[in-house]
Amino acid sequence: MTTATPPQSSRPAPTMSGGAFETLRERGFLYQCSDEAGLAQALARGPVTYYVGFDPTAPSLHIGHLLPVMAMAHLQRAGHKPIALVGGGTTMVGDPTGRTSARPILTREEIEANAIRIRGQLAHFLDLSAGQGFLVDNADWLLPLNYIAFLRDYGRHFSVNEMLRAEAYRARLETGLSFLEFNYMLLQAYDFLEAFRRHGCTVQLGGSDQWSNILAGADLIRRVEGATAFALTTPLLLTQSGEKMGKTAGGERVWLDRSETSPYAYYQFWVNCDDADVERLLRFFTYLALDEIRDLVSTTGEGLRKAKRRLAFEATALLHGEADAEAARDAAQALFGGADGGQVSLEALARAGSIPAVPLDGNRLEAGIGILDLLVLAGLAESKGAARRLVEGGGATVNETRATMTTTVGRGDLHDGVLIVRAGKKRHVRLAVNP
């Protein structure tokens, strides 16, 4: 398998102090651990191999997946060896965790296409080159399994009563749980066993909703191989109010793939986070030293806004590279007048290539385009009715001028060949006119 080359950063990696386990604890990654003292000792003794699994159910990971990925990256920086496991096999079964209904069944071709893109995304955060880490697909060992032999050799180690007490299964009993999904815990546990046998892997990480599945794998290694393995989970990515974090102001999920979430939209997600979440997000999604993070958030007002901009820049640079992070920052400064709140320059907006762009046929401008059609064309309103409500509420602007129901745009409104259309305070689109 090949991976994409991650964007390079000129900034040196921070030095690790206090041990890898303590780093995870101090930065907030440690939520549950099957044996904290044992794992801390194992990490202190020497290189440990660990893994996280990612089912390619979509063409991209999202920032909820990024939390365990960052934990993996910190462990690798401390000298430990990661396994990024893409679940080409388990995706064919479907993880019931956190679901009220079964996942859609994907074809082998869809799963593999998703997996290729996800492998490239993981390579932005982890060094999976030869000798530094492993990139594996559980389809390699799950698809050839003999079902009867698998049940006899490994199914006998699982108690149905204990499985039904797992939150993922218990929550689905009322709405319906297929036998296909019921197998998921066995397959994920077997993944851990295979990672142990093939690569000496003794630690599995995952989100806290995977706790039962990860524990089952550690227990299977103990039963079958008589060896010690560790389960470790990270917290789910929630706001201070307990809601799931990971959507833009427009309600769209924040993906790692740039074709799904542009570098500018990714930057804007971080810069618009709640004040109460800034320190926690800096600990999770940057490599800044903890002392520097504390200094950044030890203020209010413009000082805290500066901390948000630092979070947005560092997080965007990690995923997309410093060039894209700088372009996103410059676009945001053009849109919002920079840190000093100065006047927005339409010329700067027109050049801000990081702002999401939508092509516009120049011929449509000859007769003029009404504001309702323009908002729908820009993707800022789902329908003319929604566009009307946006305009009547004073939330629509064209080239930084508030739109009314009589607003019509033509060629004379172009600035360097583009129109800047805004919905609310945070959603912007560049309508780029074709020649």
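Miscellaneous remarks
- Each Lys or Arg adds one and each Asp or Glu subtracts one; over the other residues with Cβ under 12 Å from the Cβ of His320, this totals -3.
- Gain upon complete extension [Ala386, Glu36; 0.36 nm per residue less C-alpha separation]: 120.7 nm
- Each Lys or Arg adds one and each Asp or Glu subtracts one; over the other residues with Cβ under 10 Å from the Cβ of Ala139, this totals -2.
- Taking every C-alpha pair closer than 8 Å and separated by at least 6 residues, the mean separation divided by the residue count of region 217-339 gives a relative contact order of 21 percent.
- Distance between region 151-166 and region 259-300 - C-alpha centres, whole angstrom: 42
- Ranked Phe182, Phe134, criterion: other C-beta atoms within 10 Å, fewest first: Phe182, Phe134
- In the structure shown, the pairs Lys308/Lys384; Lys244/Lys308; Lys81/Lys308 are assessed against 28 Å; a Cα-Cα span above that value is assigned to Lys308/Lys384; Lys81/Lys308.
- The peptide list 228-237, 273-282, 311-320, 292-301, put in order of mean Cβ contacts within 10 Å with the highest first, becomes 311-320, 228-237, 273-282, 292-301.
Each value in this text was obtained by applying a stated rule to the coordinates, not by laboratory testing. None of the values given here were measured: they were computed from a predicted structure. Counting neighbours? That spans all protein chains shown, and the Cβs are built from the backbone with ideal geometry, glycine included.
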